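Okay, structure first, notes after.
The values are calculated or read from the model by the stated rules, or taken from the named source; none is laboratory data. These numbers were taken from a predicted model, which means no experiment stands behind them. Neighbour counts are summed over all protein chains in view; Cβ atoms, including those assigned to glycine, are modelled from backbone coordinates with ideal geometry. Note: areas computed on protein heavy atoms with side chains; ligands, DNA, RNA excluded. Shrake-Rupley method; radii C 1.70, N 1.55, O 1.52, S 1.80 Å.
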Amino acid sequence: LPDEAFLRGDAPMTKEEVRIMTLVKARLHSDAHVLDIGAGTGSLSIEAALSAPQGNVFAVEREAAALEILEKNKARFGCENLSILSGAAPEALTALPEGERFDAVLIGGSGGRLADILDAADARLVPGGRIVVNAVTPETTAGALDYFRNNPRFIYQAVCVQATRLR
């Protein structure tokens, strides 16, 4: 979906080019269970919900303004398979249904708690599931790389994306 399709306000939004890359790396199937942490406007959550119509998507967001826009975007796209959790991760993940496991965990915001969030995400990941971290800052990139390097059970890759739009 183009960026213009989403309501945004002042909430952070994953741009179209990054959403495309994220969804490709997540390798969602039609009945995928997806967790989106730091969902912002919900652009990734909505794209995931539309990509997995028989699945479930849980969006976690802590900012009140973003939650309001996320709710509006959910209604705008009719994503009945999208559930919104208010709160900061990893604590907000305790509100997930007991036993809920995920094929993909998308992390767009960590509030400086990336390692704790990755631990919580890993605990909810199905065997062979994927974690996709979108890092805007060098600190988040370094934190993600350190985490995966120090946990040899993960096979990981890093992709640096720059999108330039010209008209």
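Which whole-Hz couplings ³J(HN,Hα) result when phi for each residue of the stretch 124-136 is put into the Karplus expression 6.51 cos²θ - 1.76 cosθ + 1.60, θ = phi - 60°, listed in order with x for Gly and Pro?
Computed from phi, the couplings for the stretch 124-136 are 9, 7, 6, x, x, x, 10, 10, 10, 9, 9, 9, 8 Hz.
Do the sum for the chain: with -39,500 (n - 2.57) for every DSSP H run of n ≥ 4, divided by all residues, what is the mean residue ellipticity at 222 nm, to the nearest 500 deg cm²/dmol?
Value at 222 nm, helices only: -10500 deg cm²/dmol.
Please label the shape of the chain as rounded, prolate or oblate, based on the square roots a ≥ b ≥ c of the eigenvalues of the alpha-carbon gyration tensor (a/c under 1.5 means rounded; beyond that, a/b larger than b/c means prolate, else oblate). Don't skip to the end; give the middle numbers.
On the way: a/c = 1.39, a/b = 1.16, b/c = 1.20.
Rounded, because the longest to shortest axis ratio a/c is under 1.5.
Given H placed on each backbone N at 1.01 Å, which residues far from VAL133 in sequence or on other chains put an amide H within less than 5 Å of it?
Those lying under 5 Å, H to H, from VAL133 are ILE107.
Leaving out ligands, DNA and RNA but keeping every protein chain, what accessible area does LYS74 have, in Å² rounded to the nearest 10, with a 1.4 Å probe?
50
When all protein chains stay in place, what accessible area (Å², nearest 10, 1.4 Å probe) is found for ILE69?
30
Using a 1.4 Å probe and counting only protein heavy atoms, arrange CYS160, CYS79 so the residue with the most accessible area comes first.
Numbers: CYS160 135, CYS79 5 Å².
Sorted descending by solvent-accessible area, the residues read CYS160, CYS79.
Shape verdict for the stretch 1-91, please, from the Cα gyration tensor: rounded (a/c under 1.5), prolate (a/b greater than b/c) or oblate.
Values: a/c = 1.44, a/b = 1.20, b/c = 1.20.
Rounded shape, in that the Cα axes give a/c under 1.5.
Would you mind calculating the relative contact order of the chain from Cα pairs under 8 angstrom and at least 6 residues apart, reporting the percent as a whole number?
Here the relative contact order equals 21 percent.
Please name which of VAL126, THR41, LEU28 has its Cα lying farthest along the dipole of the stretch 24-167 towards the positive end, using unit charges on Cβ (Lys, Arg +1; Asp, Glu -1) and the Cα centre as origin.
Selected residue: LEU28.
About the Cα centre of the chain, what is the dipole size in debye to 20, counting +1 per Lys and Arg Cβ and -1 per Asp and Glu Cβ, all else neutral?
480
Hey, for a label at MET21 modelled as a point 7 Å past Cα toward Cβ, could you say which residues of the stretch 152-167 have their backbone N under 18 Å away?
156-166
Ranking request for peptides 120-128, 5-13, 107-115: highest mean number of other beta-carbon atoms within 10 Å first, then the rest in descending order.
Order by mean packing, descending: 107-115, 5-13, 120-128.
Which loop GluC sites (Glu not before Pro) in the stretch 48-86, with loop taken from DSSP, have no more than 11 other Cβ atoms within 10 angstrom of their Cβ?
Those that pass, being in a loop and sparsely packed, are GLU80.
Quick one: ranking THR94, THR41, THR164 by accessible area, 1.4 Å probe, largest first, what do you get?
Working: THR94 120, THR41 0, THR164 100 Å².
If we order THR94, THR41, THR164 from most to least accessible, we get THR94, THR164, THR41.
Probe radius 1.4 Å, ligands and nucleic acids ignored: give me the carbon and sulfur share of the accessible area of the chain as a rounded percent.
52
Can you tell me which aspartates and glutamates have their Cα less than 16 Å from the Cα of LYS72? Leave out same-chain residues fewer than eight positions away.
Here the aspartates and glutamates satisfying the reach criterion relative to LYS72 are ASP3, GLU4, ASP10, GLU47, GLU61, GLU63, GLU80.
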